[in-house]
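Report on the following structure.
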Amino acid sequence: MKKMISTIVLSFLAISYSQADTITVGIEGLNYFPYYNTSDGNKEGAAVELLEKFNDYSEHEIKLKALPVARLLPTFLSKKVDYKFPANPNWAKKAKEGMSLVYSDPIFKFTDGVLVKKGNKGKDIKRLGVVRGFTAWDFLDKIESGEVTITEGSNLESLVKMLDLSRIDGIYCNVNVANYIVNKVFGNNNNIVFDESLPHTTSNYHLASHGNTKVIVDLNAFLIKENAYIKQLKTQYGIF
C-alpha cells in the first residue's frame, strides 16, 4: 500500500513538473547595475534577483536571454523571446503599433536624465551621449532639429570617460545607473552630476508580454505578496 501511494505521489510530481512552463525573458546584455548586469556572462542585480525569486515562487521556469540593446526590441516584437525586461508602454510606440502587448504592474521606478560635469550644470548641451540602442526620448525634438547631436557608446563606462574628457556635454541614461558607474570608474567622485534642470523622465520598468496574461497575473500577485521582500531588495540595491 505504501509503495502504491509513493508511486502515485511521484507520478503526480512528475506530471506537475512537466506542466511547468518555461518562459524566456529577453533582457539587455549590458551592465546596468544596480538594476541588472548581464554583460560578459554575468547575471546579477536587483531585477535578476527579483526574477529568480519569482521563478522559485511560481510554476514558471524563467530563463534570461541577454541580447544587445539594439536587438532586444526587434527580437521581442518578432516573438523570438516570450517576454521583455525592461519594458514600458511609452517606449517605441511606433514600432509597437498594432501589437497587443501586456505589461506587468510597475516593478522598479527610474529616472532617465542627463549627467553633466559639475561646472556645466544648468547649461544647454549640444553633444549628448547614449548607449547604442537607447533612445534619448526627452531630446527627440532637439535631435531631429539638429540642435543636439548624438554620440553612441557601447556601454556607460565608455560614455562616462568621454564626458570626463569633455568629448560630449552629457549622458542621457538612468540616473541611478550612471551614479553607480561614475563611482565605479572614478571612485568617490562628485564632478559628474545629474542636471535636473535639463529634460528628464520619471517612470517605471515593467515586464512585457505578447499576451500570456497568466504570467503577468502571477507576477503582479507576487509583487503584492512579496512587497516586504521587494522593499528590502530596493534598499539593498539603492533603488528608490
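The values are calculated or read from the model by the stated rules, or taken from the named source; none is laboratory data. Because the structure is predicted, anything quoted here is derived from the model rather than measured. Every residue, glycine as well, gets a Cβ built from its backbone with ideal geometry; the counts of neighbours run over all protein chains shown.
General observations
- Count - residues of region 51-98 that are among the charged types (D, E, K, R) and within 12 Å of the chain's Cα centre (by Cα): 1
- Candidates 127, 71 - the one that is touching a residue at least 40 places away in the same chain (Cβ under 8 Å) and not assigned by TED's automatic domain parsing to the domain that holds residue 219: 127
- The one condition in (1) surrounded by 13 or more Cβ atoms within 10 Å (Cβ to Cβ); (2) out of contact with any Phe, Trp or Tyr (no Cβ under 9 Å at 6 or more places or on another chain); (3) within 24 Å of residue 28 (Cα to Cα) that residue 195 fails to fulfil: (3)
- From the list 225, 231, the one residue that fits, being more than 30 Å from residue 80 (Cα to Cα), assigned by TED's automatic domain parsing to the domain that holds residue 30 and either under 19 Å from the mean Cα position of the chain (by Cα) or of a type in the set (Asp, Glu) (or both), is 231.
- Residue within region 164-183 that is among the charged types (D, E, K, R) and without any contact (Cβ under 8 Å) to a residue 40 or more places away in the chain present: no
- Those helices (runs of 4 or more DSSP H) lying entirely in region 136-196 with at least 1 residues within 23 Å of residue 39 (Cα to Cα): 156-164, 175-186
- Verdict on residue 136 being among the hydrophobic types (A, V, I, L, M, F, W, C) and within 17 Å of the chain's Cα centre (by Cα): yes
- Selection within region 23-68 - part of a helix (DSSP H, G or I), under 22 Å from residue 231 (Cα atoms) and not aromatic (Phe, Trp, Tyr): 46, 47, 48, 49, 50, 51, 52, 53, 55, 56
- Of residues in region 153-192 being of a type in the set (D, E, K, R) and either in the same structural domain as residue 50 (by TED's automatic domain parsing) or surrounded by fewer than 20 Cβ atoms within 10 Å (Cβ to Cβ) (or both), the one nearest to residue 84 (Cα to Cα): 157
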